[in-house]
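First the structure, in the form of structure tokens, and then the observations on it.
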Amino acid sequence: MFSEDIAIQVDNLGKCYEIYERPQDRLRQSIMPKLHALVGRAPKAYYREFWALKDVSFEVGRGETIGIIGRNGSGKSTLLQIICGTLAPTTGRVETRGRVAALLELGAGFNPEFTGRENVYMNATVLGLQHEEIDARFDDIAAFADIGDFIEQPVKHYSSGMYARLAFAVAISVDPDILVVDEALSVGDEPFQRKCFARINKIKSDGGTILFVSHSGGTIINLCDRAILLNRGERLFTGVPKRAVFFSQKLGNLPTPATTHLIEEIRREDVDGYTLLPNKPESAITDANIDVRSKTADHEIKPFLDASFVSETFSAYKAVGARIEQPSLCTSSGEKVNHILQGGNYKLTCTAHFEEDCYGVRFFALIRTTAGVDLAGCAHPLQGEPGIDVAAGTILNLDFEFTCLLTPATYFCNFAIQGIDGSLHHRIVDAIVFRVIPDEPSAATALVDLGFQLRTIQL
């Protein structure tokens, strides 16, 4: 048995599939090994092994939200199916505590000839609800699905969106202790997706455990406490979501032969899959106790530089033909700062060093939140216009000028250089961290101040 604090425990999990080159090999495999055993010969295998998962171990604490990320074919869906009990492992074991609801393939258990109502009762029964419980929850399920009178029609007449709505409404109605989601929310329209995420966030706030697979790095960063990076069936990294997403993106931008050294680098930074991380910020960066040393004798607040306030999550891609150096945030007059004011004019600066001739080059700057949400960015030359050709040995000074419309909070900056075919010459992530500090009272309540003002109250 495992600790009361653990919701999911995965030990040395492996899943092997038998791959047959020809249909007749499957028949031979079912007959020939038995014949060989009868005559005392060593059995011959007529298939090759494919390990979708290899020796995967980790624990998920009760109330934790864990993201699973990785390229297609890395074993994410196989892992979730084994955890949910719809697939048997070849090696290892999985233990779960509490009721599990799975959103693996929405509506996979629906009978197309049955009405929506009949499928609700059938599917909810499979998920562990008694008939009386389904009766009590049916109105809420129908309201969440919001498909109107189609609830009384056979589901074979449903659109894909209606199908997804009803399936999600059923799966989420069981009040799960553990919710397992495998990209199921990529279907449906935008209002439906927002409703789904709102319900997932409620489960999270109520202390439910969530295991979440997504190709969206922003979703993993925003929703999850930890993230697991899978690569070719192996657990490569467990730790801070932003770091897992960065490694995943970096792997995806490298050709397969060049990933060996990166994989070793990732493994060196891996956190033990059995170590539950406390809920804490991803770095020492907080918005509390903002330094006010910039106040002068007349109480005017000015932008300033705090040398101790630096990015602790800086990461760089391998430079190919060009590299970015000396990233900084400056005032319009060129003074380096990392604490700035709303309404002021500033510039993100860096130098671009070209070690090879590069063609069709574009330069990018991007501002993100601490959770990894892209807020504002710039490309030069403009998207749709031809890039510029740069000779080897050239050094360019780049200034991305902007007016700060951001509200008081902490932000990060990224830079990138891209080539003619969209290939990446160099990229640095979380290169700069800066704060927007409060100056005067503001009506803005979100991250960007668009100058909203209440002029009239109509009674």
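Any read-out appearing in this document is the output of simple, stated calculations on the displayed coordinates, not a laboratory observation. In this text the structure is predicted, and so the values were computed from the model without any measurement. Heads up, the Cβs are rebuilt from the backbone with ideal geometry, glycines too, and the neighbour counts pull from every protein chain shown.
Listed values, structure above:
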{"read-out": "Potential lengthening between His353 and Ala136 on full extension [0.36 nm per residue; Cα-Cα distance subtracted]", "value": "71.5 nm"}
{"read-out": "Relative contact order [Cα under 8 Å, 6+ residues apart], the chain, whole percent", "value": "13"}
{"read-out": "Per-residue ³J(HN,Hα) for region 221-238, Karplus 6.51 cos²θ - 1.76 cosθ + 1.60, θ = phi - 60°, Hz, x for Gly and Pro", "value": "5, 6, 8, 9, 7, 9, 9, 10, 9, 9, 9, 6, x, 10, 7, 8, 7, 9"}
{"read-out": "The chain - mean residue ellipticity at 222 nm from DSSP helices (-39,500 (n - 2.57) per run, n ≥ 4, rounded to 500)", "value": "-7500 deg cm²/dmol"}
{"read-out": "Long pairs among Lys15/Lys76; Lys76/Lys318; Lys302/Lys336; Lys202/Lys242; Lys54/Lys204, criterion Cα-Cα beyond 18 Å", "value": "Lys76/Lys318; Lys202/Lys242; Lys54/Lys204"}
{"read-out": "Relative contact order (percent, whole number), region 373-459, Cα cutoff 8 Å, 6+ residue spacing", "value": "24"}
{"read-out": "Peptides ranked, highest mean first, by Cβ atoms within 10 Å: ranges 48-60, 442-454", "value": "48-60, 442-454"}
{"read-out": "Distance in nm between pseudo-label sites at Ala143 and Ala444 (7 Å out along the Cβ direction from Cα)", "value": "3.7"}
{"read-out": "Cα centre as origin, Lys/Arg/Asp/Glu Cβ charges: region 283-459 dipole, Debye", "value": "280"}
{"read-out": "Additional length obtainable on full extension of the chain from Ala307 to Thr86, 0.36 nm per residue less Cα span", "value": "74.2 nm"}
{"read-out": "Built amide H within the under 5 Å cut-off of Asn338, gap 5+", "value": "Phe304, Leu305, Asp306"}
{"read-out": "Built amide H within the under 5 Å cut-off of Gly344, gap 5+", "value": "Cys404"}
{"read-out": "Residues whose placed amide H lies under 5 Å from that of Thr90, excluding near-sequence neighbours", "value": "Gly14, Lys15, Cys16"}
{"read-out": "Length gained when the stretch Thr331-Ala45 is fully extended (0.36 nm per residue, less Cα-Cα span)", "value": "96.0 nm"}
{"read-out": "Highest-first arrangement of 34-43, 409-418, where packing means the average Cβ count within 10 Å", "value": "409-418, 34-43"}
